[in-house]
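The values are calculated or read from the model by the stated rules, or taken from the named source; none is laboratory data. In this text, all values refer to a predicted model and were calculated from it rather than measured experimentally. For neighbour counting, all protein chains shown are included, and Cβ atoms are generated from backbone atoms with ideal geometry for every residue, glycine included.
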Amino acid sequence: MIQIVLFRDDLRLSDNPALWHAAARGPVLPVAIADPRESPGAAFRWWQYQSIRSLGSRLEKQGIPLILRRGDPVQTVLELLAETGASGVFWNRRYAFRAREQDRTLKMALRALGITAESFPGNLLAEPWEVLRKGDLPYQVFSPFWKALQDRVRSGTPLPLPQMSPPTTVPESENPDLWGWCPHHPDWAGKFLSFWEPGESGAHKNLDTFLESALCTYSDGRDFPGRPCVSRLSPHLAHGEISPRQVRQRLLDFTERHPHLEQQAGSFLRELGWREFSWHLLYHFPHLQDTPLRKEFLDFPWSRDPEGLHKWQKGVTGYPIVDAGMHELWQTGYLHNRIRMVVASFLVKDLLVPWQQGAAWFLDTLVDADPASNSASWQWIAGCGTDAAPYFRIFNPVTQAEKFDPDGTYVRRWLPELAALPVPLLHKPWTAPEAVQAAGIRLGLDYPWPITDHGEARKAALSAFESLPPRNGTGRKLSRNSTIPGGEEG
């Protein structure tokens, strides 16, 4: 009998446990359901549209249709059961609270009808309830979490593409072009395809390129946005076009053949661990997306600065490294990790804009925006999350640019209007306006003056930080390894 397989954030055929187990039981009917109540960001939706089309093409080559529907997922699955007579429904687990509750409701409804309903671990290296510290409590500091995760994840060959039989009954499928996921007027995503290849094939090509040409310089080069030293796998992981288990295994296999790259591979695997840590946090702390985990930050004196937020969003702050980053985001739907930290720090610490507003903008504009990594990272920068950077660690946008874009490659690429300026003037053009004008650039017209003075902004941020109530009543300042109130380290 037909087995329905739900595709959500796992848009791949290989190492897909739900698909594998369904195919072992009978003919499979892959289904992707667009829930109109969900509101992921526009850039994420654009990628999802491209990825679903790619998945459909790959399935078609196997003689299998991909059924697309729009509506309430539980009701839609029940309708498909009535249309096909399917005897089972399979899916890979999700970890955000609303998604978990929806899947629990679906499983209960199906089993009440006598329908097989099975879920599988497909998108993390380990389940959130499997990696816990003493007392079955979640880890709140990354380093001990990473050690425990490595001890938990030993081995396991990723699943290959299963042998699939086509369904005997094929229900009607919708046209995703009618879902409004691709912009037209204006087509702000028009340039994205020149930077990306969404889909499972694109994910593995990206991984191949990284292993062959960039892994060798990863440890030292990953902080330099002007160099091709990072994997750019985050969108593929966010949409499940490749699994973390596949990435890990490929990395281990590659370093077995190239043992001199073991340290580089370790650095990259640690970043994969940060993704895992974020999802475990979101599972155990469902309010991660909108509420600071460190409760003293509920009283933080954030600024109401809609103009500053708007200028930050548009990349017209007058700080070239910040503006270059926001221009890259707008044109590609992506930001290098070092630049994410710089622009986020500028928003929450130079402008004192609430981190939730920055997180919301990233969710709408990043093609790799998942709720776990996005929220955990913003809380880390703001100093209010677990394992957070102390609030008094404030990125200086000029020194960050001078250190990590020393030749100006990154700024020149995304701010061509400043390309004629020499380094270090490129990173702080306001310090020599006459020299800037001599290069044919008019400050205030061709490029803005800074919207704030970083030195003064830093003082204001520190003053706001000092206004927080003493933590746990001890008056102790926050340290690098501080954890959330009531918790113990590691």
Any idea which residue in the stretch 194-214 is farthest from the chain's Cα centre (by Cα), counting only those that are in a helix (DSSP H, G or I) and either of a type in the set (Gly, Ala, Ser) or at pLDDT below 95 (or both)? SER213
Examine the stretch 399-414 for a residue that is under 29 Å from ASP9 (Cα atoms), in a helix (DSSP H, G or I) and of a type in the set (A, V, I, L, M, F, W, C), and state whether such a residue exists. no
Among the residues of the stretch 198-222, which ones are charged (D, E, K, R) and surrounded by 18 or more Cβ atoms within 10 Å (Cβ to Cβ)? GLU200, ARG222
Could you list, ordered by first residue, the pairs with Cβ atoms under 7 Å in which the first is in the stretch 218-234 and under 20 Å from ARG245 (Cα atoms) and the second is among the β-branched types (Val, Ile, Thr) and not in a loop (DSSP other than H, G, I, E, B), at least 6 apart or interchain? LEU233/VAL247
Applying the selection to the stretch 70-86, what residues are in contact (Cβ under 8 Å) with a residue 12 or more places away in the chain and either assigned to a helix (DSSP H, G or I) or surrounded by 19 or more Cβ atoms within 10 Å (Cβ to Cβ) (or both)? PRO73, VAL74, THR76, VAL77, LEU78, LEU80, LEU81, GLU83, THR84, ALA86
Are there any pairs with C-beta distances below 9 angstrom linking a residue in the stretch 404-417 that is in contact (Cβ under 8 Å) with a residue 40 or more places away in the chain to a residue that is among the acidic types (Asp, Glu) and assigned to a helix (DSSP H, G or I), with the two at least 6 apart or on different chains, and if so which? TYR410/GLU328; VAL411/ASP323; ARG413/GLU328; TRP414/ASP323; TRP414/GLU328; LEU415/ASP323
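Residue-wise test of (1) more than 30 Å from GLY240 (Cβ to Cβ); (2) modelled with pLDDT under 95.
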{"site": "PHE362", "(1), (2)": "no, no"}
{"site": "GLY385", "(1), (2)": "no, yes"}
{"site": "ALA388", "(1), (2)": "no, yes"}
{"site": "ILE394", "(1), (2)": "yes, yes"}
{"site": "GLY408", "(1), (2)": "yes, no"}
{"site": "ARG412", "(1), (2)": "yes, no"}
So the check is Cβ under 8 Å with 6+ separation or different chains; which pairs have a first residue in the stretch 303-322 that's without any contact (Cβ under 8 Å) to a residue 40 or more places away in the chain and not assigned by TED's automatic domain parsing to the domain that holds GLY333 and a second one that's surrounded by 18 or more Cβ atoms within 10 Å (Cβ to Cβ) and part of a loop (DSSP other than H, G, I, E, B)? none
Taking PHE277 as the residue in question, decide whether it is in the same structural domain as LEU137 (by TED's automatic domain parsing), under 26 Å from CYS384 (Cα atoms) and either of a type in the set (Phe, Trp, Tyr) or buried (at least 17 other Cβ atoms within 10 Å of the Cβ) (or both). yes
Please indicate, with yes or no, whether at least one residue in the stretch 1-8 is in contact with a helix residue (DSSP H, G or I) (Cβ under 7 Å, 6 or more places away or on another chain), outside any strand (DSSP E or B) and closer than 14 Å to SER165 by Cβ. yes
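Yes or no, residue by residue, for (1) assigned to a helix (DSSP H, G or I); (2) outside the structural domain of LEU233 (by TED's automatic domain parsing); (3) within 29 Å of ARG250 (Cα to Cα):
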{"position": "ALA22", "(1), (2), (3)": "yes, yes, yes"}
{"position": "SER39", "(1), (2), (3)": "no, yes, no"}
{"position": "ALA99", "(1), (2), (3)": "yes, yes, no"}
{"position": "PRO128", "(1), (2), (3)": "no, no, yes"}
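Residue-by-condition table, conditions (1) assigned to a loop (DSSP other than H, G, I, E, B); (2) within 18 Å of SER57 (Cα to Cα); (3) outside the structural domain of SER267 (by TED's automatic domain parsing):
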site: LEU149; (1), (2), (3): no, no, no
site: GLU174; (1), (2), (3): yes, yes, yes
site: PRO183; (1), (2), (3): yes, no, yes
site: TRP188; (1), (2), (3): yes, no, yes
site: CYS216; (1), (2), (3): no, no, no
site: PRO228; (1), (2), (3): yes, no, no
Quick check on THR332: is it touching a residue at least 40 places away in the same chain (Cβ under 8 Å), more than 21 Å from ALA42 (Cβ to Cβ) and not assigned by TED's automatic domain parsing to the domain that holds GLN150? no
List, please: which pairs have Cβ atoms under 7 Å, are six or more places apart or on different chains, and start with a residue in the stretch 140-165 that is without any contact (Cβ under 8 Å) to a residue 24 or more places away in the chain and end with one that is assigned to a loop (DSSP other than H, G, I, E, B)? ALA148/VAL131; ALA148/TYR139
Looking only at the stretch 383-420, count every residue that is more than 17 Å from the chain's Cα centre (by Cα), surrounded by 21 or more Cβ atoms within 10 Å (Cβ to Cβ) and among the small types (Gly, Ala, Ser) and tell me the total. 4
Kindly list, by first and then second residue, each pair from a residue in the stretch 269-288 that is more than 14 Å from ARG100 (Cα to Cα) to a residue that is of a type in the set (S, T, N, Q), limited to pairs with Cβ atoms under 6 Å and residues at least 6 apart or on different chains. ARG275/SER373; SER278/SER373; LEU288/SER375
Odd one out for MET341 among (1) without any contact (Cβ under 8 Å) to a residue 60 or more places away in the chain; (2) surrounded by 19 or more Cβ atoms within 10 Å (Cβ to Cβ); (3) outside any helix (DSSP H, G or I): (3)
Exactly one of these conditions fails for SER375: (1) buried (at least 21 other Cβ atoms within 10 Å of the Cβ); (2) farther than 30 Å from GLY240 by Cα. Give me its number. (2)
Of all residues in the stretch 437-458 being in a helix (DSSP H, G or I) and modelled with pLDDT under 95, the one that is farthest from PHE392 (Cα to Cα): ALA438
Answer with yes or no whether PRO244 is touching a Phe, Trp or Tyr at 6+ places or on another chain (Cβ under 8 Å) and in contact (Cβ under 8 Å) with a residue 60 or more places away in the chain. no
Counting only residues that are among the charged types (D, E, K, R) and in contact with a helix residue (DSSP H, G or I) (Cβ under 8 Å, 6 or more places away or on another chain), how many does the stretch 236-270 have? 5
